[in-house]
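Asker: Before anything else, here's the structure in question.
Rule-based calculations on the coordinates, nothing more; no lab input. Here the structure is a predicted model, which is why all the values come from computation and not from measurement. Here the Cβ is made from the backbone with ideal geometry for all residues, glycine too, and neighbour counts use every protein chain on show.
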Amino acid sequence: MENVASRRPGTLPSQYWPWDSAGSFIVSIPVPIYNRLTEGYWFGPQTYCSESFPSIYHEKAFILYNFLAVYLLPLLTICVCYSAMVYQMGHPSVEPVDNNYQVQLLAERSEAMRAKISRMVAVVVMLFTLCWGPIQLYILFQAFSPSFQRNYYTYKVKIWAHCMSYTNSSINPIVYAFMGANFRKAFKKVFPFVFKQRVGSTNAANANAHTEMHFVSSGT
């Protein structure tokens, strides 16, 4: 039987970190190429960093590249990586044996952990899709749709879409934290008043159930 505790976790992230950083740098190269400092006026003279393209074809190519590199490629990457992770968790190294209770218990815990991580993966992928999708689709529609009109309504949609993309970075830590049992227990200890009413209703339900069981067992 393979000793699960003998594995050394945490080695792969340190090995792939330089490649991940290099890939992020290469993907971001077109951004400084097409950005320039421009002068403007907004409650006084201001200096802005804005995009500047030689032609409309360069602009559309950059927008399409940005959609693929910033949205579609990361979405496909997290789907493939998370799917591979969940698949590997579904194939434990220890096969359950009928006459071994400890191995069966380990297999049940592994299945529960796999279901929990599967839910977390689904939530993370859904949040990434919903939070980053609006601004990416807005930019594509603005660049490639001849019926797009610049007005106050589309400006408000753009601001909302930008806020959605920023929200993704703030929601993910909350998802990772609150889907973990240890964090939820610690949170309940720090803020017991939040769960006071729920705990009271749970205790009342348990008391009623205990009374019913006592009534049935007494035979009265």
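Asker: Calculate one ³J(HN,Hα) per residue across the range 156-168 by plugging θ = phi - 60° into the Karplus curve 6.51 cos²θ - 1.76 cosθ + 1.60, and present them in order as whole Hz with x for glycine and proline.
Answerer: 5, 5, 5, 4, 4, 5, 4, 4, 5, 5, 5, 5, 4
Asker: By how many nm would the segment from C81 to N168 grow when fully extended, if each residue of separation counts as 0.36 nm and the alpha-carbon distance is taken off?
Answerer: On the way: separation 87, 0.36 × 87 = 31.32 nm, distance 1.90 nm.
That pair, C81 and N168, stretches by 29.4 nm at full extension.
Asker: Here's a follow-up. With θ set to phi - 60°, apply the Karplus curve 6.51 cos²θ - 1.76 cosθ + 1.60 along the range 37-43 and write out the HN-Hα couplings as whole Hz, x wherever there is a Gly or Pro.
Answerer: Residue by residue, the range 37-43 yields 7, 10, 8, x, 9, 8, 6 Hz.
Asker: Under 5 Å between amide H atoms, partner at least 5 residues away or on a different chain: which partners does N35 have, H built in plane at 1.01 Å?
Answerer: Under 5 Å from the amide H of N35 lie the amide H atoms of S52, each far enough along the sequence or on another chain.
Asker: Place +1 on the Cβ of every Lys and Arg and -1 on the Cβ of every Asp and Glu in the range 38-179, take the dipole about the Cα centre, and give the residue among L68, Y82, W160 whose Cα lies farthest towards its positive end.
Answerer: Of the candidates, W160 comes out farthest on the positive side.
Asker: Using a cut-off of 23 Å between alpha-carbon atoms, which lysines can reach K116, once sequence neighbours fewer than 8 places away in the same chain are excluded?
Answerer: Hits, sequence-local ones excluded: K185, K188, K189.
Asker: Between K185 and H58, what is the label-to-label distance in nm when each label sits 7 Å out along the Cα-to-Cβ direction?
Answerer: Rounded to a tenth, the inter-label distance reads 5.9 nm.
Asker: So which lysines can K156 reach, going by Cα to Cα under 27 Å and dropping same-chain residues fewer than 8 places off?
Answerer: Cross-link targets: K60.
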